[in-house]
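Reading through the structure tokens given below for one structure.
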Amino acid sequence: MSDKATLTYKGKTYELPVVIGTENEIGIDISNLRSASGLITLDDSYSNTGSCLSAITYIDGEAGVLRYRGYPIEQLAERSTFVETAYLLIFGELPSAQALREFRNLLSTHEFIHEDMRHNFEGFPPNAHPMAILSAMINAMGCYQPALLQPEDDNNFADAAARLMSKVRTIAAAAYKKSIGQPMIYPRPELQYVPNFLHMMFSMPNRPYEPVREVVDALRQILILHADHEQNCSTSTVRMVGSSQANLYASVASGVCALWGPLHGGANQAVIQMLLQIQASGEPVETFIAKVKDKSSKIRLMGFGHRVYKNYDPRARIIKESCDKLLAKLGISDPLLDIALKLEEVALKDEYFVSRKLYPNVDFYSGIIMRAIGIPLPMFPVMFAIGRMPGWIAHWREQHLRPDARIHRPRQIYIGPAKRDYVPLDQRS
Ligand code: SDX
């Protein structure tokens, strides 16, 4: 469906096509604006700019709706597995039993990293942040599969995607084991995706780790809820890098770096650090909230607010419920959860947050679950990256398959010095 918009500037009127999406989102297509008018648009941080047409994920930020390939996140979180959801995001449809078996087998086939890669970990200091290791190792992985770096056909692609999804667990767990001086634990092909990751994280050569069902289920949901979120900062980065026809590994490795920032995937780690600070201060949460509202403090309520959601993040709602279930099952009473619940209660009654439509986002409660499972704080963004892997892969492929794909190269408005001549060194002050 299309429509028209008009733009008038200095007495001239330009007609611009309008694109209307499946859910009636409306975009003014300015692809030919500069060639027709010499004008460009300016949209700092892209709040009002659509970068592409995409069929992968739909978000209604005002209503708090999230769907992967049309399926509501609530249904997938309740009934799907992370591998099935990954297949849906990457290939566009829920898999048949046969297709799911084949995809699972591909993941099992590719769960080991090349034995030589073990030495790469020795090049990092013990306190290296695992996101730095993850990004480096994803590119290193690609070096062992040169044929996959040019995935010209879907068979290559499915293999490359499965390797990324499968080995990202092995790399993450190995980074954790190195950080605590324990031996790397090899994957076990008989285990499914989540139990296998937990095994690599928490087993010892002399003592296998057997997770309780509720732990596996909580982590299954965490990964599904993080699997995609349309054009967020890290996914846009993967698309930007992929637009130069950089390979899948290089594109995803750049997505890991973008995700690391505390305003994005690093927020789950920043939330726990914030809660620990409040706990250590002994101050009531109202005192912290007052600091957040005082702009001069530059303190933010981490895990709150969202560029798109101006309502409760549907993922946060599910994670909060999962928190309660898991902590009850494990018999854990985490004082940080009590602080988080109190922060939410106070903030959602405070005009500062209400007027700015600041609600808990996916990162506000996810760290409580990861703490309960025993995942260490620096690994929290890595868990986000493991979850987001299928989304990054799906978006890279969606762009890669476009016959008319072009390199992303935004314009700018120059505000620097006007033309001036070179001044020889001996004439400068
Ligand atoms: C993720 O994009 C995605 O989809 C991301 C993600 C995904 O799945 O990929 O959903 C994952 O990154 C979730 C967000 C995690 N980040 C945090 O929790 C960090 C804390 N949140 C904020 O820094 C902020 O809310 C952002 C970064 C999430 C969104 O920032 P925006 O859209 O640029 O909003 P803004 O900074 O322009 O804020 C608007 C106003 C400002 O106040 P005023 O200038 O109007 O007075 O709201 C205030 C901000 O100061 N504000 C906050 C706040 N977030 C916004 N004030 C206090 N605490 C906060 N958390």
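Things worth noting here:
Here's the yes/no breakdown for (1) away from the ligand (no atom under 16 Å from the Cβ); (2) under 22 Å from Asn232 (Cα atoms); (3) surrounded by 13 or more Cβ atoms within 10 Å (Cβ to Cβ); (4) among the acidic types (Asp, Glu):
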| residue | (1), (2), (3), (4) |
| --- | --- |
| Arg34 | yes, no, no, no |
| Thr57 | no, yes, yes, no |
| Ala77 | no, yes, yes, no |
| Tyr87 | yes, yes, yes, no |
| Asn120 | yes, no, yes, no |
| Met137 | yes, no, yes, no |
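Okay, residues lined up against (1) buried (at least 22 other Cβ atoms within 10 Å of the Cβ); (2) within 12 Å of the ligand (Cβ to nearest atom); (3) assigned to a helix (DSSP H, G or I); (4) at positive phi:
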| residue | (1), (2), (3), (4) |
| --- | --- |
| Ser236 | no, yes, yes, no |
| Met240 | no, no, yes, no |
| Ser244 | no, no, no, no |
| Val252 | yes, no, yes, no |
| Glu286 | no, no, yes, no |
| Lys291 | no, yes, yes, no |
| Asn311 | no, no, no, no |
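- Every residue from region 25-45 that is in contact with a helix residue (DSSP H, G or I) (Cβ under 8 Å, 6 or more places away or on another chain) and either without any contact (Cβ under 8 Å) to a residue 24 or more places away in the chain or among the basic types (Lys, Arg) (or both): Thr41
- Pairs are defined by a Cβ separation below 8 Å, a sequence spacing of at least 6 or placement on different chains, a first member in region 268-296 that is more than 29 Å from Ile222 (Cα to Cα), and a second member that is open to solvent by less than 80 Å² (accessible area, probe 1.4 Å) and within 12 Å of the ligand (Cβ to nearest atom); the pairs so defined are Ser281/Phe288; Lys291/Ser297; Lys291/Ile299; Lys293/Asp350; Lys293/Tyr352.
- Within region 223-246, residues that are more than 14 Å from Leu89 (Cβ to Cβ) have Cβ atoms under 6 Å from residues that are assigned to a helix (DSSP H, G or I) and near the ligand (Cβ under 8 Å from one of its atoms) in these pairs: Ser234/Leu259, counting only partners at least 6 apart in sequence or on another chain.
- In region 313-323, of all residues being open to solvent by less than 50 Å² (accessible area, probe 1.4 Å) and outside any loop (DSSP other than H, G, I, E, B), the one that is farthest from Glu74 (Cα to Cα) corresponds to Cys323.
- Hits in region 1-24 - residues which are in contact (Cβ under 8 Å) with a residue 12 or more places away in the chain, open to solvent by 90 Å² or more (accessible area, probe 1.4 Å) and in contact with an Asp or Glu (Cβ under 9 Å, 6 or more places away or on another chain): Ser2, Lys4
Conditions tested, residue by residue: (1) in contact (Cβ under 8 Å) with a residue 24 or more places away in the chain; (2) among the charged types (D, E, K, R); (3) open to solvent by 60 Å² or more (accessible area, probe 1.4 Å).
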{"position": "His114", "(1), (2), (3)": "yes, no, yes"}
{"position": "Ile171", "(1), (2), (3)": "yes, no, no"}
{"position": "Met184", "(1), (2), (3)": "yes, no, no"}
{"position": "Arg207", "(1), (2), (3)": "no, yes, yes"}
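- Screening the candidates Leu326, Leu358 for the property of being assigned to a helix (DSSP H, G or I) and at pLDDT 95 or above yields one hit, Leu326.
- Considering region 379-429, and only residues there that are in a helix (DSSP H, G or I) and loosely packed, with under 10 Cβ neighbours inside 10 Å, the residue that is nearest to the chain's Cα centre (by Cα) turns out to be Leu425.
- Looking across region 254-274, not a single residue is among the aromatic types (Phe, Trp, Tyr) and either open to solvent by less than 10 Å² (accessible area, probe 1.4 Å) or at pLDDT below 95 (or both).
- Qualifying residues in region 293-309 (those that are in a loop (DSSP other than H, G, I, E, B) and more than 8 Å from the ligand (Cβ to nearest atom)) - the one nearest to Tyr352 (Cα to Cα): Asp294
- Any chance Val362 is surrounded by fewer than 21 Cβ atoms within 10 Å (Cβ to Cβ), within 16 Å of the ligand (Cβ to nearest atom) and under 18 Å from Leu301 (Cβ atoms): no
- Residues in region 329-345 that are under 21 Å from Gln277 (Cβ atoms) and surrounded by 15 or more Cβ atoms within 10 Å (Cβ to Cβ): 9 in all.
- Any hit, region 47-67, residues being under 21 Å from Val362 (Cβ atoms), free of Cβ contacts under 8 Å to residues at least 60 places away in the same chain and outside any strand (DSSP E or B): no
- Only a single criterion out of (1) within 16 Å of the ligand (Cβ to nearest atom); (2) open to solvent by less than 10 Å² (accessible area, probe 1.4 Å); (3) under 25 Å from Ala328 (Cα atoms) is not satisfied by Gln221, namely (2).
- Qualifying residue in region 331-352 (condition: within 16 Å of the ligand (Cβ to nearest atom), under 26 Å from Glu25 (Cα atoms) and in a helix (DSSP H, G or I)): no
- Taking each residue of region 297-308 that is at positive phi and open to solvent by less than 40 Å² (accessible area, probe 1.4 Å) and looking for partners that are more than 6 Å from the ligand (Cβ to nearest atom) and hydroxyl-bearing (Ser, Thr, Tyr) with beta-carbon atoms closer than 8 Å, six or more apart or interchain, yields Gly303/Tyr365; Gly305/Tyr359.
The values are calculated or read from the model by the stated rules, or taken from the named source; none is laboratory data. All values derive from a computational prediction rather than experimental measurement. Neighbour counts run over all protein chains shown; Cβ positions are idealised from the backbone, glycine included. Quick note on the areas: whole protein, heavy atoms, side chains included, nothing else; ligands and nucleic acids left out. Shrake-Rupley method; radii C 1.70, N 1.55, O 1.52, S 1.80 Å.
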